[in-house]
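The values are calculated or read from the model by the stated rules, or taken from the named source; none is laboratory data. If you're wondering where the values come from, they're calculated on a predicted model, not measured in any experiment. All Cβ positions, even for glycine, are placed from backbone atoms using ideal geometry, and neighbour counts span all protein chains on display.
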Amino acid sequence: MAGTAPFAKMNGIGNEIIVADMRGRADKVTADAAIALNGDAATKFDQIMAIHDARTPGTAYYIDILNSDGSGAQACGNGTRCVVQALAAETGQKSFTFETRAGILSAQEHADGTISVDMGKPRFGWQDIPLAEEFRDTRMIELQIGPIDAPVLHSPSAVSMGNPHAIFWVDNDVWSYELDRFGPLLENHPIFPERANITLAQVTSPETMIIRTWERGAGLTKACGSAACAAVVAAARTRRTGRSVSLMTPGGGELHVEWRDDDHVILTGAAEWEFSGSFDPSTGAWARDTESAA
Ligand SMILES: N[C@H](CCC[C@H](N)C(=O)O)C(=O)O
């Protein structure tokens, strides 16, 4: 055993995040540790953002992202903001370049404490998302749930933000859908060979929308940053909104997404520290730091 590692329990507008400090060590946070931490009400989380030493010149750190079921994720916008806030508090630095399994991304903390993450360029090709079969136009794919002649949800847009997303457009109240019931079926639908994050989006104006997300590997969450990016890109592509949109999320928090003319998608929002502790990255056994005990 390589010894315990420090962690901070944080959230990105309600998206439950554990930032794990794995710098200077060769081991990884295991799926078993993730499942154990998620099984404890005090450390229940949506994603672990494990900060490792850099692998690539020009990047500060490699970030390994785990979902609460122990699976890996390529992108996590809300978690990346938490990582930036933790590192900015530690170092005084405001801008960072990270590597994740989806590639290199940059992020910065602003004077008002909000943080912007450059989530990179969206991808729309069916093999890139990925989908199991060819769709020439992923603005609307054939997929529905509910009675065949009166589907409850149908014809989502599909987008990769490094990770796979399906966005279902709803005209009426986004809260009226049983996403906890449909989420698992859609996440694991055979059309998504790597599963998918499932979002319901209600466009309320060309600059605003409300989203709810069932996350791949994590279930219902209070916010999902990459889903916010996917929803805005898909909404702009289908002329439902412009390219700069504020989103309300189930936790009550607001995110802002801008799909810039250079094709990069910028996610902006807050991050919040809750408490710190140390944990065993192989088992998930943990203890709260006494000075941060509530
Ligand atoms: N909460 C994250 C997304 C996690 C995505 C993950 N559930 C997956 O792709 O497997 C966010 O803020 O972007």
If you take the residues of the stretch 161-194 that are without any contact (Cβ under 8 Å) to a residue 40 or more places away in the chain and either within 15 Å of the ligand (Cβ to nearest atom) or closer than 23 Å to Met119 by Cβ (or both), which of them is surrounded by the most Cβ atoms within 10 Å (Cβ to Cβ)? Ala166
Name the one entry in Ala271, Ala231 that is under 15 Å from the mean Cα position of the chain (by Cα) and closer than 18 Å to Ala166 by Cβ. Ala231
Out of all the residues in the stretch 199-208, which are touching a Ser or Thr at 6+ places or on another chain (Cβ under 7 Å) and surrounded by 24 or more Cβ atoms within 10 Å (Cβ to Cβ)? Thr199
Any residue at all in the stretch 84-99 that's over 30 Å from Met140 (Cβ atoms), surrounded by 20 or more Cβ atoms within 10 Å (Cβ to Cβ), polar (S, T, N, Q) and not assigned by the TED database to the domain that holds Ala166? yes
Starting from the stretch 62-87, take each residue that is more than 8 Å from the ligand (Cβ to nearest atom) and list its partners that are part of a helix (DSSP H, G or I), counting only C-beta distances under 6 angstrom and pairs at least six apart or across chains. Leu66/Ala34; Ser68/Asn38; Gly70/Ala31; Gly70/Ala34; Gly70/Ile35
For the list (1) surrounded by fewer than 22 Cβ atoms within 10 Å (Cβ to Cβ); (2) within 20 Å of Val84 (Cα to Cα); (3) within 16 Å of the ligand (Cβ to nearest atom), I need the number of the one condition that Ile35 fails. (2)
Just give me the residues in the stretch 212-223 being farther than 16 Å from His154 by Cα and without any contact (Cβ under 8 Å) to a residue 60 or more places away in the chain, in sequence order. Leu220
Among the candidates Asp289, Asp280, single out the residue that is crowded, with 18+ Cβ neighbours inside 10 Å, acidic (Asp, Glu) and farther than 18 Å from Asp118 by Cβ. Asp280
Out of (1) within 13 Å of the ligand (Cβ to nearest atom); (2) hydroxyl-bearing (Ser, Thr, Tyr); (3) over 16 Å from Pro164 (Cβ atoms), the odd one out for Thr204 is which? (1)
